[in-house]
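Notes for the one structure printed next.
The numbers here are math on the coordinates, done by the rules we state, and not lab data. Model, not experiment: these values are computed from the prediction. Positions of Cβ are backbone-derived with ideal geometry, glycine not excepted, and every protein chain shown enters the neighbour counts.
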Amino acid sequence: MITLNSLKSRLFLASLSGSLILSILALILPDEQIKQNLKLGIACFVGAGFIAEYYGTKYLREIDKLESRNNKLLQDKDKSISQFEKDISLKQAKIENMNTSTNDLKAQLDSLSKAISLKDLEVIKQQQIVRELNQKLESIGEFTASEKHRIVRDCYKHQIKKVDCLINSLSRRYPAISEEIDNLAVEVDKFRNYYLHKINEYESIDDFDSLLDIGLELQEKIIDRSVDLRVKAQAIVINYLSLIVDDSVSLMEYEEYISNLATKAKQEILQLNQFHEGNKKAIASEWIASNQEMIQRYQTEYTDTLDTAKYAVSKMKELNKHILNLESQLLESRKPNHFPGTTEQARVGNSLIDYYYKLNYCLDALQWSTDETGYSLCFSISRNGNFFIDCDTLNDNTTDKIKELSGALNKPKFEYNNRGGNVTIYIQTRHKKKATFEEDCRLWKPAIEFEKIVSKWSRVRITGGSESGKSPTAENLAVAILRNRPGTVKLFNPQHNSTKNHWGIPVTGTSHKDSEKGVADLAKKIDSRSNGDESKDCFELHIFDEIDSTMSHTKGKKIVIGDNVNFIIKQASHQNLGVVFIGQNANVSEYPGMSRSDWNSAVNLHIGANCYDAIENSNQFTTHQQNKLKAIADKLTAYCESKNNELGLDNTDAEAYRFGFVVEPGKKPYFISLPSFGSYKFDESTLLGISSGNSGESFPTSPTVMLEPLHSKVSKNGKSPRESAICPHCKTPTAKVKQRKPSAIRYQCVNRDCGKSFTVKSEN
């Protein structure tokens with residue numbers, strides 16, 4: 001290659017040679033003109049040589065400067081390339097570290113996946129445990145108390161073990177979150193201590209129903225709390241892994257930085273060396289593609305793993321709930337079937353079922369049947385598993401308990417039914433009726449003694465349901481009292497205009513407001529007689545019908561009227577005053593402002609079915625006394641129904657059989673046969689010695705009672721008039737036909753204390 005310096009030398013030599021040649025020619029040639037021209041040519045050659053030397057040197061200096069500048073530039077670029085290669089090396093090292101972290105994270109995710117798989121295996125194992133438990137229950141029948149204690153403690157130990165294993169595993173795998181794991185371990189210790197205390201309390205329970213319910217509830221709470229703690233631990237790990245993923249995703253920022261760096265390197269390398277540019281660009285592009293692919297793959301795998309973990313946790317909770325639900329259903333299905341309804345048979349039968357269920361025997365209710373003296377209960381024993389229960393086992397040391405639960409008169413025992421494979425038990429509630437009525441008379445006081453019994457009563461409460469006959473009975477009572485204690489009578493009847501008004505006593509008040517005022521006036525009269533402002537010589541009897549309705553409908557004065565009634569009950573008899581309160585409800589709660597002890601100062605007469613409420617709600621009887629009184633009431637109810645059916649009477653007939661339950665202060669309670677309606681009839685027109693309280697007329701001290709003949713009455717059931725006659729022995733106005741002949745009719749007295757027969761000749 002010809003350089004600028006060699007060219008300058010050649011030009012200088014050429015000018016020198018040319019000038020020498022021209023000088024030689026000028027010396028040799030004779031022609032002056034030619035010599036002059038040659039001299040001019042020599043001068044030109046010499047000048048050209050010097051010019052070539054001058055400009056050649058100048059350009060050589062410029063070229064040197066340019067070369068030096070270019071060399072410096074190349075050195076700077078080489079330094080930049082070296083720094084770039086160092087940066088590339090550093091980035092590659094970071095990428096390798098990230099690849100290592102990614103591999104570690106993948107390993108951790110693999111461990112988590114294995115843990116989730118283990119949880120799935122635990123769920124399967126739990127289901128297997130449930131199936132084994134079901135098999136065990138089917139083989140042994142029912143849980144014992146000790147077995148239930150053991151099951152609850154085993155459940156606690158199992159759940160604690162699972163939580164501890166999970167905590168220890170997470171502590172080893174993820175040391176970076178040891179502080180969070182330690183905090184969770186504190187909660188686990190609280191959980192362990194709390195439920196250990198609860199289990200110790202639970203093992204002191206002996207009642208089987210409480211044992212079962214509390215045990216199930218305790219198991220549910222232990223399992224729920226264990227699941228919550230495990231889910232919380234997994235949530236801590238998931239949050240930690242999520243943070244790692246977020247840091248990994250920040251590699252996208254490096255992608256942008258590398259892209260900019262690659263662009264810059266491309267521009268610089270293009271200026272220096274195309275070969276180096278191509279190599280570096282290829283390396284950068286390859287790294288970017290590889291890193292992007294790795295990040296995408298990692299994000300996809302992590303998302304899938306995270307979703308799988310969350311799904312596994314949710315499924316585990318669902319399965320645990322399902323397991324608990326199945327356990328609850330299993331226990332519920334093991335409970336025996338009860339008798340439906342609220343009858344006495346159903347109540348006693350269900351009490352026996354519950355009692356034997358506590359003894360781990362299953363008696364399923366089938367049916368009951370009644371007879372004259374009691375009822376039989378039938379039970380199935382087929383659901384006691386392979387364990388055969390014979391009647392001796394059921395009867396062993398339990399007859400007294402059965403008698404207590406049922407109130408039976410006999411000692412009930414179970415008997416095996418070979419045809420049905422069931423057991424039956426007979427509960428005797430009544431003695432077999434005898435043909436004579438005398439035995440029944442032991443249970444109640446006869447109606448013939450009614451006047452003798454009530455004649456000294458002065459403070460009376462009468463209760464009875466609708467159409468029970470409380471008003472006619474109250475009139476019989478009032479007339480009987482006034483026959484023995486002549487005086488005046490005042491009747492307050494808020495239902496005076498009712499179609500069911502059968503009072504013969506003239507009415508003084510016809511509204512609840514009148515009754516309220518009458519109560520207040522009577523309280524004032526007691527004060528007046530007590531203070532001496534009024535004479536005590538004249539006996540007054542005050543009758544308040546529907547008193548419970550009056551007390552309930554007084555607006556804003558319930559306490560006032562209640563206080564007045566309470567005052568009257570306690571003080572009226574001391575001032576030669578009598579009072580009869582009549583209401584439908586035997587429950588004291590229907591009398592505002594009054595308590596059961598307040599009515600204990602009065603004679604309480606409860607008609608028919610009201611006696612059961614009175615017995616049940618009384619604070620004067622023990623449980624044994626209540627059962628005994630209820631049994632007598634059952635017998636009397638059955639007897640009255642039998643007699644009424646025999647005579648074709650219903651409850652509204654005047655001559656129907658009825659009874660009352662009497663509770664007198666300081667006396668034993670007793671039952672009384674109530675006389676027929678109108679047996680003690682008030683007839684103002686006859687003026688037989690009783691005053692209405694409105695007229696102020698006095699009557700003889702020995703009044704007679706007007707009795708209507710009953711043979712002309714028509715039965716309430718719409719049948720033809722029932723033939724009847726007055727008994728010549730006891731003067732009872734009703735007798736039933738015993739034998740009919742053309743010349744005479746043979747009757748039998750319906751009076752329970754008489755029952756004698758007599759003959760009435762036919763008028764034809």
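Among 737, 454, 519, the order by Cβ neighbours within 10 angstrom, fewest to most, reads 737, 454, 519. Considering all different alpha carbon pairs of the stretch 305-433, the Kirkwood hydrodynamic radius works out to 17.0 Å. Counted by neighbouring Cβ atoms within 10 Å, the residues 673, 376, 618, 466 run from fewest to most as 466, 376, 618, 673.
Counted over the stretch 458-686 with a bin width of 5 Å, the fraction of Cα pairs per bin, in whole percents, is 1, 7, 14, 19, 19, 17, 12, 7, 3, 1, 0, 0. Evaluate Rg over Rh across the stretch 518-616, taking Cα atoms for both radii and Kirkwood's formula for Rh. Ratio of gyration radius to Kirkwood radius for the stretch 518-616: 0.98.
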